[in-house]
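In what follows, a structure is listed as structure tokens, so that the remarks can point back to it.
The numbers here are math on the coordinates, done by the rules we state, and not lab data. Quick caveat: nothing in here was measured; it's all calculated off a predicted structure. Cβ placement follows ideal geometry from the backbone for every residue including glycine, while neighbour counts extend to all protein chains displayed.
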Amino acid sequence: MPTPKPWTVDDSAELYSLPGWGLNYFGVNAKGHVTLQPKRVPEGAVDVMDVVEAVTARGIKMPVLVRFHDVLRRRVTVLNEAFSEAIAEHGYGGRFFGVYPIKVNQLREVVEEIADAGRPFQYGLEAGSKGELMAVIAMNTSEALTIVNGYKDESIMRLAALGLKLGRRVLVVIEKLSELDLLLKAAREAGVKPLIGVRVKLQTQGSGKWRSSTGHYAKFGLTTPEILGLVERLRAEGLTDCLKLVHFHIGSQVCDIRTVKDAVKEGARYYAKLRKMGLGVEYLDCGGGLGVDYDGTHTAVDSSMNYSLREYVSDVVYSAREVCRQENIPEPHLVTESGRSMVAHHALLVANVFGAIETGASPVDLRETPDEHQAVRELRETIKALAPKNLAESFHDGQQHLEEAFSLFKLGYLGLEDKAKVEHLYWRLCREIVTLLPKAKFVSEDLLEMQKSLNDQYLCNFSLFQSLPDSWAIGQLFPIMPLHRLDEEPVRRASVVDITCDSDGKITQFACHRKAGGTLPVHALDGKPYYLGFFLMGAYQATMGDIHNLFGRVNEVHVFRDEAEPKGFYIEETIPGQTIRDVLTGIQYSDFELVKMIKEAADAQVKAGALRHREAAELVDRYEAVLGEYTYVDHLPAADENHPRRRAGDSSALVPVSGLAAPVPSSASSEAATRTSVGIPNVLPQDLLRARENS
């Protein structure tokens, strides 16, 4: 059998599909660390583990959301330059005026960075609510467009008129005919001429997860008869020159480029017809939808996209040009409201793994004894007789022994120790079967299913509901991979579970290579800090997360590339995550009242003689101090340097059990000796095929 080649960092990059979803913004260096590449080349890359070390050195606790602002700026530049190149290439008569919809990420620092990077391109901002419009009017420039979408009341229309008075190019998109009257009234009161857009309800439906929100049953937009009604009203008011923009939207994360081309052609046709009717339309707003390849497969599935940015831009420009040439009218200025693709790559959640739940692990010595039950002895015999030729038979025997033992226990005929031995031996049988799978001539489906049940669960210091709400709510896939040790082969497979008390606070879908089998390839925990990175987190997650279980907003750092710095970067700003006091206050708890109640309870214990005055005061102080703590896990048992084994310098194996490391006695039997923190690697179907080919 040929000697397997050593594992390399390139193998890790391929395993986690990093070249597919990273867009060259992320790489792996020779140390096995993930790097950030703002210029999309390895030169000048930032070692993400250097950022983690800098963060922890400041006393900032995990989890931490890291924002790389250089990536934000780069994304804005790339989009605008791509449109400029396509316009020149196709001889297009209009310009590109992009806008960033701040609903995708409203954080002030993010919006400021995008606005600043977009200033040379007259790149604008879009608002979809009253609060967003307040921010956008203040932050946008007079040269860029301000687009107002969503349902609108009188207050929003007055804000839009206020923006016009201040010299902002505020375009209000009419979603319902009744909104036109509100806008015209606000404009008259302010003494300004409105800039009007109309959202058309396309027949073309979007693709991907949001397909059902488009087409005839879309929530927003005017039908063709309603558009004609709007035109008649504008003519009656003598304001046909105020209709400046035709808008359409085919949903977020459009995964199929054919949908984009069809929608642009249909939207451009509306523009052309309105232009021929004498309306003053100048802009065609193609809305959002520019996708992000979350799984790196470049396919038309919900978590991916079958096109590049260059193809998207070229098809938008070409499709609009062809319609206008057919209609013999000037091409409109093009507008897009790309948000997800602008901000997704700039944010990375870093979380520490602090334990592993290993199926069948035992913290106690379950060695063989003369008086153990027959059910235990039968399972031991099954394990002794195990061979590559009888794997399925042995597994079925083990299942039967396990079921019989459960029945005996329910009836009172089996003691707790013997039941524990049966459970332990059953899982030991399963693990030993897995090690023999490559030698088997045939592997049945039930053995492959059994193998999946042996996968670990890595306990990760974060809340799925707060930091990755789309993962839980709509099954959105986010790339996840270790940030270090990528020069080592990850020998274990695991799902990722959070620290909430909910069983669905768990991730079982990953962007890594298909051969990972629905789990995340991970390294064995060795008592040292182990960090996972959750990538492409910049769109929607920060503002959509909730405080389920009262795990609040995480700590946040903003990083800039700087070659003059020793590590090539500097941390410009840190935003503290929420404390326990913060989240309690947000749901109407008063920290003063809570402390008062604790003090009253302590005083009652003093009066009853159960506590001394000093003890009571210490308890109250301790309670009050916790109110100011970070909401996430602080003390990490698996990395505790005061663990008795570590103090004594004992090198015997530590077994992760329910997230805690339990010592294995040095005198343990051969059964217990197999329970190490490394464990038996999971064998995958592809590994079985490869083993047979090599043999």
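Odds and ends about this structure:
- Principal-axis analysis of the Cα atoms of the chain puts helix 177-190 at an angle of about 60° to the longest axis.
- Computed over the chain, the per-residue total of -39500 (n - 2.57) for DSSP H runs of n ≥ 4 gives a 222 nm mean residue ellipticity of -12000 deg cm²/dmol, rounded to 500.
- In loop segments of segment 127-200 as defined by DSSP, there are no trypsin sites (Lys or Arg not before Pro) with at most 12 further C-beta atoms inside 10 Å of their C-beta.
- Cα shape, segment 92-338, gyration tensor, a/c 1.5 rule: oblate
- Remark: spin-label model distance D634-M544 equals 3.2 nm, labels positioned 7 Å along the Cα→Cβ axis.
- Tensor-based shape of segment 21-147 (alpha-carbon gyration tensor, a/c under 1.5 rounded, otherwise prolate or oblate): oblate
- Difference of contour (0.36 nm per residue) and Cα-Cα distance, T369 to A473: 32.4 nm
- Net length gained if the chain between L448 and K273 were fully extended (0.36 nm per residue, minus Cα distance): 57.0 nm
- Phi-derived couplings, Karplus 6.51 cos²θ - 1.76 cosθ + 1.60 at θ = phi - 60°, listed residue by residue for segment 167-175: x, 7, 8, 8, 9, 8, 8, 7, 9 Hz, with x used for Gly and Pro.
- Cross-link table K103/K152; K185/K219; K61/K567; K439/K528, entries beyond 27 Å C-alpha to C-alpha: K439/K528
- Modelled spin labels at C501 and E14, positioned 7 Å past Cα toward Cβ, are 4.7 nm from each other.
- Length gained on full extension, A625 to E489, computed as 0.36 nm times the residue gap minus the Cα-Cα distance: 44.7 nm.
- Toward the positive end of the charge dipole of the chain, with +1 on the Cβ of Lys and Arg and -1 on the Cβ of Asp and Glu, the farthest Cα among A57, G150, A187 is that of A187.
- Theoretical FRET efficiency, 1/(1+(r/R0)^6), r = Cβ-Cβ of T574 and A617, R0 41 Å, to 0.05: 0.75
- Legend: calculated FRET efficiency, E393 to T359, from the Cβ-Cβ distance at R0 = 22 Å, rounded to 0.05, equals 0.50.
- Over the chain, all Cα pairs binned in 10 Å intervals from 0 give whole-percent P(r) values of 3, 13, 20, 20, 17, 13, 9, 5, 2, 0, 0, listed from short to long.
- Its Cα centre serving as origin, segment 489-586 has a Cβ charge dipole (Lys and Arg +1, Asp and Glu -1) of approximately 520 debye.
- Segment 456-497 and segment 1-74 have Cα centres spaced 16 Å apart.
- For segment 473-480, putting each phi into the Karplus relation 6.51 cos²θ - 1.76 cosθ + 1.60 with θ = phi - 60° gives couplings of 6, 10, x, 5, 8, 10, x, 9 Hz, in residue order, rounded to whole numbers and with x for Gly and Pro.
- Per-peptide average of other Cβ atoms within 10 Å, ordering 335-345, 4-14, 479-489, 294-304 highest first: 335-345, 479-489, 294-304, 4-14
- Using only side-chain charges placed at the Cβ, +1 for Lys and Arg and -1 for Asp and Glu, the dipole size of the chain relative to its Cα centre rounds to 1700 debye.
- Antiparallel content of DSSP bridges confined to the chain, in %, to 5: 50 percent
- In summary, the lysines within cross-link reach of K261, defined as a Cα separation below 18 angstrom excluding same-chain residues under 8 places away, comprise K201.
- In this calculation the C-beta distance from V595 to T56 is compared with R0 = 22 Å, giving a FRET efficiency of 0.10.
- Whole-Hz couplings from phi, Karplus 6.51/-1.76/1.60, listed for segment 619-634; x for Gly and Pro: 5, 5, 4, 5, 4, 5, 5, 5, 4, x, 7, 4, 7, 9, 4, 10
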